[in-house]
Every structure is written in structure tokens, then in C-alpha cells.
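The values are calculated or read from the model by the stated rules, or taken from the named source; none is laboratory data. Remember, predicted model here, so these are calculated numbers, not experimental data. FYI the Cβ positions are ideal-geometry reconstructions off the backbone, even for glycines, and counts take in every protein chain you see.
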Amino acid sequence: MIAIHQNKVKVVQSSFSSEIENQREKALKKLKDITKNQFNRVEKDYLISVINLFEESSPVKIIEATPNEIITQIANIGIIPPNSRFYKNGRAKKTLKSFILEALNYTSLRSSFYPNYFRKIGVKTCVYCNSSLTITAKKTSNNGYSAKFDVDHYHSKDKYPFLSISLFNLYPACASCNRAKKNDEIEFELYTELGAKTLKSEYKFKLHPYSKAKYLTTKDSKNIEFTFEEPIYANPNAKTFKDVFHIEGIYQTQNDLIEELIIKSQIYNKSYLKALKSNFSKLSLHPELFKRTLIGNYVEDKNIHKRPMSKLVMDIAKDLDLI
Ligand SMILES: [Zn+2]
């Protein structure tokens, strides 16, 4: 629901440069192994252009390619040729797409590399719905746990398997949003060059004007209504977050959060807040931390990715003049 500055991401990428170089070398070696299989002319040409992208001499470093460079490569290389034939590999029969995906090793990077990489970028929640974490934990055979990071491929890996490990093509997403999006392309760019987009989200939850009064009279959280506002998309046919991710449906189940905020807005009125601040001045709390403690979540758009539900809670708390 808010963008991250590309420069910030590039700094993190450079701190992982040896791991990324290692990914490139391994991918290149495995991609070259694929050429041993029998492919038709179109598939062979496609595979060669993918291999070229992973060569050390390639002018574009495809794993670190910027969003604009990714668009250029999509235009150059295009969609994977339709899988007209299957090829034998031992006993398994695989398509060219699955050969490429396996060579690039995306599946194993989900548990080995992406959790550390995205922790360093500061993303812990789904960048689409902000209602869930992006980690799923699985029990391992020795009774420990292994964490898998869920990411959505902004440009689908079904169409463009060569972008399956391109870091700017990876959008941390919960399993449910990832499933919902499938191959839909939506008009939300997580990585931006515009500083303003990293400070203010273009999305907003808004409490219905009469909801507070209605709730306080009835004490029934069913009377709490809110809307989710989206930016005006450049493409009038763009799919909306409401359509694709069912944002309002997800958040309607969280009315109790809004209920607590309404009650807090009654208890923590201006004079009580002033008294609290002076009584506990010894704690020397930063104003942001004071507000965060008050509402139980982050209070600035730039921190949305740090905790689930933060966008809803901060927007409604602002509507209620609580922060
Ligand atoms: Zn989600």
C-alpha cells in the first residue's frame, strides 16, 4: 500500500552482492545444462536469450535489474513460447518454463535468501493487503521450523520465468493475495524513484462520518462502517485492490479494532493525553513512540510494512483525532 525507494533497495542489494553473484553463477551453469535437451527452434532461441542475460558480460544485471530495465527485457525477450511439447529429463517430463524456473532456483531462495533480504529492506507484511505477515513457518523433520517467505512476481513467472529471481520483480505478499492476484497486472508499483511516494500512501481507509456516534449510542460494532479509497489509476481498466484482493471484505472482519479506537478516542481526550505526557515525562518517549503505544500500531505511512493492520489503525485513529 506504499512504495519503497529504489535507492534504499539498491543499498541492501549491494550488501548482498556476493550472494547475488553466487545466484547468477549457479543459474547460468544450470541454464547451460538445459541446452542438452531437445528443443524446437523457437524454444532454443528463447533459452539462448535467457542464458545471455545471466552471462557475466550481460550489460543488464538481470537479478538486480531496475523496474525500467525489467520492462525493457520483457520487450526484448517476451513471453515464454507456448509449451507445445514436453521433454524427458530422467523420468520426469518437463516444460521449458519449469526447466528455467528450476535452474533459477526461486523455490529454495524463498527460505534461504528472501527472509534475510526483505528483513533488511524492512518489509514484514503483505504489500497489497497489509493484513498479514509474509512468512509461513513449516515444521522440519528434526522438529525445528523453517520459515518461507511469500512473494508475488509483479510480472508473472508463468509468462516470464527469466524474471523469477529478479529482485525488483518480487513483491512480498501473503499467500491469500498471491493466490488472488494470479496473473492479473495491477497498477501499483512497490519500487519507486519518487521520494514523495515513499512518505504518503495513495490508499486510505476512511471512517464513515456517522459511525462513531452510531457506535457510541448502540455499542454494536456492526454499526461501524468505513470505506477503502484507492488512487485514480492511469489505466481506466486497471484492476483495483478492492476487486483483486477483496480489501473491504478482509477488513470488515476487523471492526473490533476500530471499536477499540473509538473507545480510546473517548478516554484519551486532549486534557488526559496532556496529563499522561507530563506524568510520564521521565520516560522521555519520542512523540511517535508515544502515539504508537497509544494506538498499538505504527502511526506513519512510511512504516506500514512493519506491522499488519497498521494502515487501517493509523488512518482511523487520525479520523478520530486520536493521533
Ligand atoms: Zn495480502
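Report yes if Tyr215 is under 26 Å from Ala65 (Cβ atoms) and buried (at least 19 other Cβ atoms within 10 Å of the Cβ), otherwise no.
Spelling it out, it is not the case that Tyr215 is under 26 Å from Ala65 (Cβ atoms) and buried (at least 19 other Cβ atoms within 10 Å of the Cβ).
Checking Phe228 against (1) at pLDDT 95 or above; (2) over 18 Å from the mean Cα position of the chain (by Cα); (3) away from the ligand (no atom under 16 Å from the Cβ), which test does it fail?
Single failed check for Phe228: (3).
Of everything in the stretch 24-62, what is touching a residue at least 60 places away in the same chain (Cβ under 8 Å) and either surrounded by fewer than 19 Cβ atoms within 10 Å (Cβ to Cβ) or more than 27 Å from the chain's Cα centre (by Cα) (or both)? Give them in sequence order.
Lys26, Lys30, Leu31, Asp33, Ile34, Asn37
Going by the structure shown, is Lys282 surrounded by 17 or more Cβ atoms within 10 Å (Cβ to Cβ) and charged (D, E, K, R)?
Considered against the rule, which asks whether it is surrounded by 17 or more Cβ atoms within 10 Å (Cβ to Cβ) and charged (D, E, K, R), Lys282 comes out as no.
Return a yes/no flag: does the stretch 245-255 have any residue that is assigned by TED's automatic domain parsing to the domain that holds His305, more than 16 Å from the ligand (Cβ to nearest atom) and of a type outside the set (Phe, Trp, Tyr).
Looking for residues that are assigned by TED's automatic domain parsing to the domain that holds His305, more than 16 Å from the ligand (Cβ to nearest atom) and of a type outside the set (Phe, Trp, Tyr), one finds at least one in the stretch 245-255, hence yes.
Which condition does Ala196 not pass, out of (1) closer than 20 Å to Ile250 by Cβ; (2) free of Cβ contacts under 8 Å to residues at least 12 places away in the same chain; (3) not β-branched (Val, Ile, Thr), if it passes all the others?
Unmet condition: (1).
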